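Taking it in order: structure first as structure tokens, then the write-up.
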Amino acid sequence: MHEFSTMQHIVEVILSEAQKHNPEKITRVNLEIGELTFLGIEQLRFAFQVLTRGTLLENAELKIDIIKPLIQCTTCEYSGDTEYDEGPELHFMIPLLKCPRCGKDIEIVKGRECTVTSIQMEVES
């Protein structure tokens, strides 16, 4: 259920930033979520609906772009995608990722993002 607490933090950040601009309402929020966060997109959407009731975010469109993983091998210099099992255990433990070419340790370049990329608001002129 880490989707709910993650979205709670995202909503708090958005509302805090919005206060600086005194909007009438917020109409759209764009997020980038990396696959390697293992956050459930539908659970995030549900949490967004629940957490935004009665706020400036109520009825705002939520657009979520999924960022595919990109890894870099620290040994053979492989750069690219990685494979992992997408079982229910991902809610309890993060898989150990290894290089698909040589089996050694890797660095994650992309795929762990959880970023608010933009907020659209209606501001009184």
Seminar exercise, completed: Of L90, L96, the only residue that is in a helix (DSSP H, G or I), at pLDDT below 90 and over 12 Å from the mean Cα position of the chain (by Cα) is L90
Problem set entry | Among residues of segment 1-41, those that are farther than 13 Å from C114 by Cβ and aromatic (F, W, Y), counted | 1
Exercise. What residue, among those in segment 9-55 that are assigned to a loop (DSSP other than H, G, I, E, B) and modelled with pLDDT of 95 or more, is surrounded by the most Cβ atoms within 10 Å (Cβ to Cβ)?
Worked result: T55
Exercise. Being surrounded by 14 or more Cβ atoms within 10 Å (Cβ to Cβ), in contact with a Leu (Cβ under 6 Å, 6 or more places away or on another chain) and at pLDDT below 95, is that true of even one residue in segment 56-72?
Worked result: yes
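Determine, yes or no, whether G103 is more than 24 Å from E122 (Cβ to Cβ), modelled with pLDDT under 95 and more than 18 Å from the chain's Cα centre (by Cα). So that I can check it myself, show each step before the final result.
Details: more than 24 Å from E122 (Cβ to Cβ): yes; modelled with pLDDT under 95: yes; more than 18 Å from the chain's Cα centre (by Cα): yes.
It is true that G103 is more than 24 Å from E122 (Cβ to Cβ), modelled with pLDDT under 95 and more than 18 Å from the chain's Cα centre (by Cα).
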For this session: Scan segment 23-38 and report the pairs whose first residue is among the hydroxyl-bearing types (S, T, Y) and whose second residue is not in a strand (DSSP E or B), with Cβ atoms within less than 7 Å and a gap of 6+ or a chain change.
Result: T27/A60; T37/R112
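The values are calculated or read from the model by the stated rules, or taken from the named source; none is laboratory data. Everything numeric in this text was worked out from a predicted model, so none of it was measured. Note that we place each Cβ from the backbone using ideal geometry, even for glycine, and neighbour counts take in every protein chain shown.
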